[in-house]
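Asker: Quick one: the structure is below, questions incoming.
Coordinate-derived values only; no laboratory data. Model, not experiment: these values are computed from the prediction. Methodologically, a virtual Cβ is constructed for each residue, glycine included, from the backbone with ideal geometry; neighbour enumeration extends over all protein chains shown.
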Amino acid sequence: MTNKIIYSLTGIFFIFVFVIFYRGLSNSSLYTPTSNLKSVPEFSAITFYEKKVLYSKDIFQQNKFYLLNIWASWCLPCKDEHSILLDLSKNEEIEIIGFNYKDNFNNAQKFINDLGNPYSIILLDRDGTKAIEWGAFGVPETFLIYNNQIIRRFIGPLNTKLIIEIENYIK
Amino acid sequence: MRFLSFILSMLIVLTLNTSSAEEINLQNKITKNLRCLICQGQSVYDSDSEFAISLKLVVKNKIKEGLTEDQIYEFLTIKYGEWILYDPQFNKNTYFLWFLPLLIFLFGGAIIFKKLKK
């Protein structure tokens, strides 16, 4: 009697474990960390053209929406989202700030000259340390900022669906 | 002459390296406990991805600024969440994780104790 109970319990246990592991196979193995960063971090960066030092508190001052976009000329998805950013830059309510990540100056300049410049300011991040202040870990990455608060964070390239979401925020 | 130039260049190379051995040890210890978020499953210390290279630099700078190991972990958990640490901190989300081995140990002990008493 007790043997039977033990056998059936072991059987149930193995089926249970099998189901859990089997279902786990289809789960995404890529984990995106949840950042606790809520407001704009303090940092200073050099601007792309004028080579002037800018402080974070001087950039996001006005009472409007800001979109901080981390990009690089060597990043292919950045090319894809570039036309979308150009369209969005026509919107007066939002200011797009570029963050040139670990790039060669000449390549970056060529990228902007060829594809157009959606950014009102471009900041330089030569060694990638400033992107870490933002809790970013790759390119492209985009932050929607209002009132010095990070409202929304987009990992990966923007698409038209996400642009509609951004436009809904602005309204 | 050759020997002299060799000695001179060695001296220059050695003086360029301003990190002390202690700082390098601490940097290695910290980066070994950080998960590389791009190349998941590798530590920042082991990885040579762009993200890991930058993060090593940040850790080095923070050590130079005089931050302690715990302060650097705190700084990074604010930016990336606790997942970046390999060694999970003890809090309400991780009680189960920390106590489960102990519970299993006690349970096994109880079984053995019962058997022996028979």
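Asker: Check whether at least one residue in the range A:32-52 is in contact (Cβ under 8 Å) with a residue 24 or more places away in the chain, touching a Gly at 6+ places or on another chain (Cβ under 9 Å), under 21 Å from residue A:85 (Cα atoms) and aliphatic (A, V, I, L, M), and report yes or no.
Answerer: Scanning the range A:32-52 turns up no residue that is in contact (Cβ under 8 Å) with a residue 24 or more places away in the chain, touching a Gly at 6+ places or on another chain (Cβ under 9 Å), under 21 Å from residue A:85 (Cα atoms) and aliphatic (A, V, I, L, M).
Listed here are the residues, each with its yes/no results for (1) over 16 Å from the mean Cα position of the chain (by Cα); (2) aliphatic (A, V, I, L, M); (3) within 14 Å of chain B (Cβ to nearest Cβ).
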{"site": "A:85", "(1), (2), (3)": "no, yes, no"}
{"site": "A:90", "(1), (2), (3)": "yes, no, no"}
{"site": "A:120", "(1), (2), (3)": "yes, no, no"}
{"site": "A:131", "(1), (2), (3)": "no, yes, yes"}
{"site": "A:136", "(1), (2), (3)": "no, yes, yes"}
{"site": "A:139", "(1), (2), (3)": "no, yes, yes"}
{"site": "A:143", "(1), (2), (3)": "no, no, yes"}
{"site": "A:150", "(1), (2), (3)": "no, yes, yes"}
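Asker: For the range B:28-55, enumerate the residues that are assigned to a helix (DSSP H, G or I) and more than 10 Å from chain A (Cβ to nearest Cβ).
Answerer: Within the range B:28-55, B:28, B:29, B:30, B:31, B:32 qualify.
Asker: Give, as residue ranges, the helices (runs of 4 or more DSSP H) completely inside the range A:1-111 that count at least 1 residues that are surrounded by 11 or more Cβ atoms within 10 Å (Cβ to Cβ).
Answerer: It comes to A:56-59, A:76-88.
Asker: When only residues in the range B:63-93 that are among the hydrophobic types (A, V, I, L, M, F, W, C), within 12 Å of chain A (Cβ to nearest Cβ) and farther than 20 Å from residue A:42 by Cα count, which is surrounded by the most Cβ atoms within 10 Å (Cβ to Cβ)?
Answerer: Applying the filter and picking the extreme gives B:84.
Asker: Also: Return yes or no: is residue A:102 under 22 Å from residue A:50 (Cβ atoms) and in contact with a helix residue (DSSP H, G or I) (Cβ under 7 Å, 6 or more places away or on another chain)?
Answerer: For residue A:102, the condition - under 22 Å from residue A:50 (Cβ atoms) and in contact with a helix residue (DSSP H, G or I) (Cβ under 7 Å, 6 or more places away or on another chain) - is met.
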